[in-house]
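Reading through the C-alpha coordinates given below for one structure.
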Amino acid sequence: MKPVVLVPLVALALAGGVTGAYFWVTSGGGTEEAAVAQPTPTPEPAPTATATPTPASTVEPDSWTTYRDPVLGFSLDYPPDLVVKDITGPSPDGLNERAIEFRSSEDTSRAFVISVSAKTRDITLQQWAIEYAACRPKSIQQSTFSGLPAIACTREVIEGVPEPALLAEQAGKMFLISAIGLTESEFTRLTETFRF
(Lines give C-alpha, C1' and ligand atoms only; values in the text may rest on other atoms or scores of the structure.)
Protein backbone atom coordinates (compact mmCIF):
# COMPACT_ATOMS: atom_id res chain seq x y z
CA MET A 1 0.00 0.00 0.00
CA LYS A 2 1.31 3.42 -0.94
CA PRO A 3 1.69 6.06 1.79
CA VAL A 4 -0.78 8.96 1.34
CA VAL A 5 -0.36 12.56 2.47
CA LEU A 6 -3.38 14.86 2.67
CA VAL A 7 -2.49 18.48 1.70
CA PRO A 8 -5.05 21.31 2.05
CA LEU A 9 -4.73 23.79 -0.82
CA VAL A 10 -7.60 26.24 -0.49
CA ALA A 11 -10.23 26.68 2.17
CA LEU A 12 -12.81 29.42 2.19
CA ALA A 13 -15.32 30.30 4.82
CA LEU A 14 -18.72 30.69 3.17
CA ALA A 15 -22.00 31.21 4.93
CA GLY A 16 -20.71 29.80 8.16
CA GLY A 17 -19.25 26.68 6.54
CA VAL A 18 -15.88 25.76 5.13
CA THR A 19 -15.38 24.61 1.61
CA GLY A 20 -12.21 23.55 -0.08
CA ALA A 21 -10.35 20.92 -2.04
CA TYR A 22 -7.71 18.48 -0.95
CA PHE A 23 -5.20 16.66 -3.10
CA TRP A 24 -3.90 13.21 -2.29
CA VAL A 25 -0.22 12.94 -2.89
CA THR A 26 0.96 9.39 -3.37
CA SER A 27 4.49 8.18 -2.78
CA GLY A 28 4.86 7.72 -6.53
CA GLY A 29 4.55 11.51 -7.00
CA GLY A 30 1.08 11.47 -8.60
CA THR A 31 -1.91 13.34 -7.26
CA GLU A 32 -5.57 12.51 -6.99
CA GLU A 33 -8.19 15.14 -6.14
CA ALA A 34 -10.81 14.51 -3.52
CA ALA A 35 -13.65 16.93 -2.90
CA VAL A 36 -14.64 17.82 0.60
CA ALA A 37 -18.33 17.69 1.35
CA GLN A 38 -19.76 21.16 1.29
CA PRO A 39 -22.72 22.34 3.35
CA THR A 40 -25.98 22.57 1.44
CA PRO A 41 -27.03 26.21 1.23
CA THR A 42 -30.41 27.00 2.73
CA PRO A 43 -32.67 28.11 -0.11
CA GLU A 44 -34.26 31.50 0.31
CA PRO A 45 -38.04 31.54 -0.05
CA ALA A 46 -39.22 32.64 -3.45
CA PRO A 47 -40.90 36.04 -3.44
CA THR A 48 -44.66 35.81 -3.62
CA ALA A 49 -46.61 38.04 -5.96
CA THR A 50 -49.06 40.30 -4.21
CA ALA A 51 -52.07 41.31 -6.21
CA THR A 52 -53.01 44.96 -5.97
CA PRO A 53 -56.73 45.02 -5.40
CA THR A 54 -58.86 47.32 -7.50
CA PRO A 55 -60.31 49.87 -5.13
CA ALA A 56 -63.93 49.11 -4.43
CA SER A 57 -66.58 51.75 -4.69
CA THR A 58 -66.97 53.56 -1.41
CA VAL A 59 -70.70 53.98 -1.97
CA GLU A 60 -73.36 51.35 -2.57
CA PRO A 61 -75.06 51.71 -5.99
CA ASP A 62 -78.52 51.97 -4.33
CA SER A 63 -77.48 55.28 -2.79
CA TRP A 64 -76.28 56.82 -6.06
CA THR A 65 -77.75 60.15 -7.10
CA THR A 66 -79.54 60.79 -10.40
CA TYR A 67 -78.36 63.72 -12.53
CA ARG A 68 -80.71 65.21 -15.14
CA ASP A 69 -79.12 67.71 -17.49
CA PRO A 70 -81.25 70.89 -17.65
CA VAL A 71 -80.02 71.80 -21.14
CA LEU A 72 -79.96 68.54 -23.13
CA GLY A 73 -82.23 66.39 -20.96
CA PHE A 74 -80.01 63.31 -20.59
CA SER A 75 -79.76 61.59 -17.21
CA LEU A 76 -77.54 59.11 -15.37
CA ASP A 77 -76.78 57.84 -11.88
CA TYR A 78 -73.48 58.75 -10.19
CA PRO A 79 -71.82 58.20 -6.80
CA PRO A 80 -73.05 60.84 -4.32
CA ASP A 81 -69.49 61.67 -3.20
CA LEU A 82 -68.97 63.41 -6.55
CA VAL A 83 -69.87 67.08 -6.97
CA VAL A 84 -71.47 68.25 -10.24
CA LYS A 85 -70.02 71.29 -11.99
CA ASP A 86 -70.90 72.80 -15.36
CA ILE A 87 -67.56 73.43 -17.08
CA THR A 88 -68.99 74.36 -20.46
CA GLY A 89 -66.87 77.01 -22.06
CA PRO A 90 -65.20 77.92 -25.31
CA SER A 91 -63.40 74.95 -26.78
CA PRO A 92 -60.38 75.25 -29.08
CA ASP A 93 -62.18 73.54 -31.95
CA GLY A 94 -65.51 75.31 -31.35
CA LEU A 95 -67.35 71.98 -31.08
CA ASN A 96 -67.97 71.78 -27.35
CA GLU A 97 -71.65 72.47 -26.61
CA ARG A 98 -71.81 71.09 -23.10
CA ALA A 99 -69.32 69.82 -20.53
CA ILE A 100 -70.34 68.55 -17.10
CA GLU A 101 -67.75 67.43 -14.56
CA PHE A 102 -68.44 65.09 -11.65
CA ARG A 103 -65.48 65.24 -9.22
CA SER A 104 -64.85 64.16 -5.65
CA SER A 105 -64.12 67.07 -3.32
CA GLU A 106 -62.11 64.73 -1.08
CA ASP A 107 -60.09 62.98 -3.81
CA THR A 108 -59.78 65.26 -6.83
CA SER A 109 -58.21 62.46 -8.91
CA ARG A 110 -61.60 60.69 -8.83
CA ALA A 111 -63.89 62.10 -11.51
CA PHE A 112 -65.70 61.74 -14.80
CA VAL A 113 -66.76 64.22 -17.46
CA ILE A 114 -69.59 64.23 -19.97
CA SER A 115 -68.74 66.25 -23.09
CA VAL A 116 -71.27 66.96 -25.81
CA SER A 117 -70.10 68.29 -29.17
CA ALA A 118 -71.84 69.15 -32.40
CA LYS A 119 -70.99 66.74 -35.20
CA THR A 120 -69.89 69.19 -37.89
CA ARG A 121 -68.04 66.75 -40.16
CA ASP A 122 -69.34 63.67 -41.93
CA ILE A 123 -66.93 61.15 -40.44
CA THR A 124 -67.41 57.78 -38.75
CA LEU A 125 -67.74 57.34 -35.03
CA GLN A 126 -64.34 55.62 -34.99
CA GLN A 127 -62.69 58.54 -36.82
CA TRP A 128 -64.31 60.96 -34.38
CA ALA A 129 -63.04 58.88 -31.44
CA ILE A 130 -59.47 59.15 -32.72
CA GLU A 131 -59.46 62.74 -34.03
CA TYR A 132 -61.55 64.54 -31.41
CA ALA A 133 -61.80 62.27 -28.35
CA ALA A 134 -58.09 61.31 -28.30
CA CYS A 135 -58.89 57.59 -28.15
CA ARG A 136 -55.94 55.26 -28.63
CA PRO A 137 -56.61 53.56 -31.99
CA LYS A 138 -55.62 50.09 -30.76
CA SER A 139 -57.99 50.36 -27.78
CA ILE A 140 -61.14 51.04 -29.81
CA GLN A 141 -63.92 48.47 -29.48
CA GLN A 142 -67.51 48.41 -30.70
CA SER A 143 -70.02 48.85 -27.88
CA THR A 144 -73.46 50.22 -27.11
CA PHE A 145 -74.45 53.32 -25.17
CA SER A 146 -78.07 53.86 -24.11
CA GLY A 147 -79.13 51.49 -26.89
CA LEU A 148 -77.03 53.21 -29.58
CA PRO A 149 -73.94 51.92 -31.40
CA ALA A 150 -70.92 53.27 -29.56
CA ILE A 151 -67.15 53.19 -29.28
CA ALA A 152 -65.46 52.10 -26.05
CA CYS A 153 -61.82 53.11 -25.83
CA THR A 154 -58.94 54.22 -23.67
CA ARG A 155 -57.79 57.80 -23.94
CA GLU A 156 -54.90 59.69 -22.41
CA VAL A 157 -55.87 63.22 -21.47
CA ILE A 158 -53.18 63.48 -18.79
CA GLU A 159 -49.93 62.08 -20.18
CA GLY A 160 -49.30 58.58 -18.94
CA VAL A 161 -52.73 58.21 -17.32
CA PRO A 162 -55.03 56.03 -19.41
CA GLU A 163 -58.74 56.45 -18.77
CA PRO A 164 -61.82 54.62 -20.04
CA ALA A 165 -64.19 56.42 -22.37
CA LEU A 166 -67.44 55.74 -24.19
CA LEU A 167 -68.57 57.70 -27.24
CA ALA A 168 -71.90 57.70 -29.11
CA GLU A 169 -73.79 59.88 -31.57
CA GLN A 170 -77.32 61.06 -30.86
CA ALA A 171 -79.30 63.56 -32.95
CA GLY A 172 -76.21 65.09 -34.58
CA LYS A 173 -74.34 65.41 -31.30
CA MET A 174 -71.36 63.40 -30.07
CA PHE A 175 -71.62 62.31 -26.42
CA LEU A 176 -68.39 61.37 -24.66
CA ILE A 177 -68.11 60.04 -21.12
CA SER A 178 -64.57 59.71 -19.82
CA ALA A 179 -63.45 58.82 -16.32
CA ILE A 180 -60.36 58.97 -14.18
CA GLY A 181 -59.87 57.30 -10.82
CA LEU A 182 -63.17 55.40 -10.91
CA THR A 183 -63.40 51.65 -10.62
CA GLU A 184 -64.40 49.63 -13.66
CA SER A 185 -67.71 48.73 -12.01
CA GLU A 186 -68.46 52.40 -11.29
CA PHE A 187 -67.76 53.38 -14.89
CA THR A 188 -69.94 50.52 -16.15
CA ARG A 189 -72.82 51.60 -13.90
CA LEU A 190 -72.52 55.22 -15.09
CA THR A 191 -72.79 54.20 -18.71
CA GLU A 192 -75.55 51.64 -18.07
CA THR A 193 -77.78 54.20 -16.31
CA PHE A 194 -77.25 56.91 -18.96
CA ARG A 195 -80.47 57.83 -20.80
CA PHE A 196 -81.04 60.32 -23.62
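The values are calculated or read from the model by the stated rules, or taken from the named source; none is laboratory data. Treat the numbers as computed from the prediction; the structure is a model and nothing was measured. For neighbour counting, all protein chains shown are included, and Cβ atoms are generated from backbone atoms with ideal geometry for every residue, glycine included.
Points to keep in mind about this one:
- For the range 136-166, a tally of residues being loosely packed, with under 13 Cβ neighbours inside 10 Å and under 20 Å from Ile100 (Cα atoms) returns 1.
- Screening Glu169 with (1) over 17 Å from the mean Cα position of the chain (by Cα); (2) loosely packed, with under 13 Cβ neighbours inside 10 Å; (3) of a type in the set (Asp, Glu) gives one miss only, at (2).
- If you check Ser178, Ser139 for being free of Cβ contacts under 8 Å to residues at least 24 places away in the same chain and either not acidic (Asp, Glu) or not assigned by TED's automatic domain parsing to the domain that holds Ser117 (or both), only one passes: Ser139.
- Residues in the range 65-90 that are within 15 Å of Ile177 (Cα to Cα), among the β-branched types (Val, Ile, Thr) and either loosely packed, with under 11 Cβ neighbours inside 10 Å or modelled with pLDDT of 95 or more (or both): Val84 only.
- Within the range 175-196, the set of residues being in a helix (DSSP H, G or I) and under 15 Å from Phe74 (Cβ atoms) comprises Leu190, Thr191, Glu192, Thr193.
- When the range 96-135 is limited to residues that are of a type in the set (A, V, I, L, M, F, W, C) and surrounded by fewer than 15 Cβ atoms within 10 Å (Cβ to Cβ), the one that is modelled with the lowest pLDDT turns out to be Ala118.
- In the range 69-90, of all residues being of a type in the set (A, V, I, L, M, F, W, C) and part of a strand (DSSP E or B), the one that is nearest to Leu190 (Cα to Cα) corresponds to Leu76.
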